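**Q** Just dropping this structure here.
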Amino acid sequence: MLRLSRLWAWVFLGLLIVFFVISVPIWSGGSVNFLTVRNSQNILVAITPVLLLGLGQTFVIISAGIDLSVGWVMSLASVLSALAIRAAYNAGLPLFPSVVAGFAAAVVGAGAVGFINGVIIAKLKVPAFIVTLGTSFIVRGVSLLMSENTTVIGLPEGIRAYGNESLFYSIRGEGGGFYFLAPPELTGEMLRRMDRILPYPVIITAIVVAIAIFILRKTQFGRHTYAIGGNIEAALRTGIPVDRHIIWLYIFSSVTAGIAGFLSTLRFTAGSAVIGDPLLLSSIAAVIIGGVSLFGGAGSVVGTVIGSLIIAVLTTGLVMLNVQSFWQFIVVGAVVIIAVLIDQSRDLIMGRGRTG
Amino acid sequence: MPEPLLSIRGMTKRFGGLVAVNDVSWDVYAGEVVALLGDNGAGKSTLIKCVSGVYQPDDGEIAFYGKRVHFARPIDARAAGIETIYQDLALANNLDVGANIFLGREAKKRYLGGLIKTLDEQFMMRESRAALEALEIYFPSLDEPIESLSGGQRQAVAIARAVYWDAKLMIMDEPTNNLGVPEQHKVLEIIRKLRDSGVPVILITHTLPDVFAVSDRLIVMHRGRKVTEKKTAETSTEELVQYMVGVRDDTRVQ
């Protein structure tokens, strides 16, 4: 269901890339290029947490809800997975089962928060904004308590590979080559010429994105998500189990945030109770730029992917142009508002009311 | 005399001190359109909500197909084959025609022994087209969100959905409200078609021209009571207005 009217987002992304491809070499006098393998991979790594938070959010907002707790849920999952990996490893488990234990802790812990959000929203009819605002504070407190207000360290060094190694390695220039799975033993100058292509976090995120696209487009669950956002009365009257569906939506939202927390623990070999908070608003911005209507009923996962890419390309490109970081915020903020303006004027031009 | 399909006996519904529906008895037979008339607040909607399971009557009973029924929830009435089409239609405007006709009852394809189920869009689209064509409704495209359709077309989608899911009795609440004149005619035409296919229609309205255009019989309510029951051919606008405002009342004559 790729709507042609969302074409502008693709075009905008394309224009941004073209702009930076031209301007970055000019600004640096030819010494820096924008569209390099390394930079593209950096952008992909940078968007994984924002995108994962945005995925669940996409479903929730399409159903006309909102989940403000995902940032802190990501932090909670980071702490929980770090504690679980450390405990499992120290108890004598090998590395891989320890990592699996960390994953389970992240998903179950995050899922529990989503379940609580969903039950209070669906059964007790408290507005989603308020419930998830409340749980985000609670989760924040719990994460800081569990991490004893510090970074959870002492994790086995081996997990660094899970969070940072990649599927392919390419070494540029002399004596270069292309490697699969295992990086060659390199030092010094050669190491600097090595690019990591498709890091594991990117692959895991891509899998979650593919699953999310499939669920939203192809399954009854996705259809009901749109129906609830479009007209909850109609959903109720046609016998859709609306309460149960809403609970699953918030569980899904928390679980994608939990996966983001788990991946950040692997990436930094540490659990952090504050890692997710700054990402919440970026993830909502990505969802909105991607064309999900805050009124519910409209939007897509692909849109959110594009929204995340637009934000990441913008911020990376501005950094490479040596633009001071506050300008990034100003530009991203303007893009969010312009995106919604474009969507609204499209609705106006096409003679419709708000989409769903 | 054939068995009535729907038979209401002595139905009463109170809200605190207000008697919204007062001892109403009424039969509906297969293949007829019965109009339910009355001014605002006469109790039409309350009576219908008691039939469709939205409200529980305080007194009286309902028989459907000769069997006594009790609908605790609207979904129970629908399961029995009583479909109510409200003014707001219960459609999701952001979804296409097929999605709306199958809303909540989506057709699915199964993979890996039912482990993975996907929507069977082709089947739903095919069936939706057939359901609409059976009512002689034709849309240029079925895969656009229905927000691009007119009010009458949406009405048609709601009716086609009810028919597709085997409605045995259709209740329509002011179906021609807010429609343009050609659209009104189309909806009335669909109502006739429903009757001809054997599905009785209860038409709640206070648009008298509609009553004379499609209904076979009618009842008029005033202040919660049924004040008359007539064949449409044997009455006139003037007479009906007198019943609706309470000047005439058959129960008083008795």
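**Q** Out of the strands (runs of 3 or more DSSP E) lying entirely within segment B:58-162, which hold 3 or more residues that are surrounded by fewer than 18 Cβ atoms within 10 Å (Cβ to Cβ) and within 9 Å of another protein chain (Cβ to nearest Cβ)?
**A** B:116-119
**Q** Taking the conditions exactly as written (among the small types (Gly, Ala, Ser) and either touching a residue at least 40 places away in the same chain (Cβ under 8 Å) or crowded, with 22+ Cβ neighbours inside 10 Å (or both)), does B:Gly198 satisfy them or not?
**A** Taking the combined requirement at face value, the residue satisfies it.
**Q** Let me ask something additional. Which condition from (1) in contact with a strand residue (DSSP E or B) (Cβ under 9 Å, 6 or more places away or on another chain); (2) small (Gly, Ala, Ser); (3) farther than 19 Å from B:Ile82 by Cβ is the one that B:Ala162 breaks?
**A** So the condition that B:Ala162 fails would be (3).
**Q** Is there a residue in segment A:182-204 that is over 30 Å from B:Arg161 (Cα atoms), of a type in the set (Phe, Trp, Tyr) and more than 11 Å from every other protein chain (Cβ to nearest Cβ)?
**A** Yes, segment A:182-204 has at least one match.
**Q** I would also like to ask the following. Only one of A:Ile85, A:Ile17, A:Ile47, A:Ile66 is in contact with a Leu (Cβ under 6 Å, 6 or more places away or on another chain) and in contact (Cβ under 8 Å) with a residue 12 or more places away in the chain; which?
**A** A:Ile85
**Q** If we scan segment A:145-157, do we find a residue that is of a type in the set (A, V, I, L, M, F, W, C), in a helix (DSSP H, G or I) and modelled with pLDDT of 90 or more?
**A** Checked against the condition, which is being of a type in the set (A, V, I, L, M, F, W, C), in a helix (DSSP H, G or I) and modelled with pLDDT of 90 or more, segment A:145-157 yields at least one hit.
**Q** Which of (1) within 12 Å of chain B (Cβ to nearest Cβ); (2) within 29 Å of A:Leu95 (Cβ to Cβ); (3) in contact (Cβ under 8 Å) with a residue 40 or more places away in the chain does A:Ile211 not meet, given it meets every other one?
**A** A:Ile211 satisfies all of (1) within 12 Å of chain B (Cβ to nearest Cβ); (2) within 29 Å of A:Leu95 (Cβ to Cβ); (3) in contact (Cβ under 8 Å) with a residue 40 or more places away in the chain except (3).
**Q** Of the conditions (1) in a helix (DSSP H, G or I); (2) at pLDDT 95 or above; (3) of a type in the set (A, V, I, L, M), A:Ala161 clears all except one; give me its number.
**A** Here A:Ala161 meets the rest and fails (2).
**Q** If a residue has to be within 20 Å of A:Gly333 (Cβ to Cβ) and within 12 Å of the chain's Cα centre (by Cα) to count, how many in segment A:296-310 make the cut?
**A** Counting residues in segment A:296-310 that are within 20 Å of A:Gly333 (Cβ to Cβ) and within 12 Å of the chain's Cα centre (by Cα) gives 5.
**Q** Additional query: Which residues, counting only those in segment A:76-91, are surrounded by fewer than 24 Cβ atoms within 10 Å (Cβ to Cβ) and in a helix (DSSP H, G or I)?
**A** Result: A:Leu83, A:Arg86, A:Ala87, A:Ala88, A:Tyr89, A:Asn90.
**Q** Would you check which residues across segment A:32-56 are in contact with a Ser or Thr (Cβ under 6 Å, 6 or more places away or on another chain) and polar (S, T, N, Q) and list them?
**A** Of everything in segment A:32-56, just one residue is in contact with a Ser or Thr (Cβ under 6 Å, 6 or more places away or on another chain) and polar (S, T, N, Q), namely A:Thr48.
**Q** If I ask for residues that are buried (at least 22 other Cβ atoms within 10 Å of the Cβ), more than 14 Å from chain A (Cβ to nearest Cβ) and assigned to a loop (DSSP other than H, G, I, E, B), which ones from segment B:36-56 would you list?
**A** Across segment B:36-56, the qualifying residues are B:Ala42, B:Gly43.
Residue-by-condition table, conditions (1) over 16 Å from the mean Cα position of the chain (by Cα); (2) over 24 Å from B:Arg195 (Cβ atoms):
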| position | (1), (2) |
| --- | --- |
| B:Ser25 | yes, no |
| B:Val28 | no, no |
| B:Val33 | no, no |
| B:Leu37 | no, no |
| B:Ser45 | no, no |
| B:Val54 | no, yes |
| B:Pro57 | yes, yes |
| B:Pro74 | no, no |
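The values are calculated or read from the model by the stated rules, or taken from the named source; none is laboratory data. Since the model is a prediction, treat every value here as computed from it, not as a measurement. Heads up, the Cβs are rebuilt from the backbone with ideal geometry, glycines too, and the neighbour counts pull from every protein chain shown.
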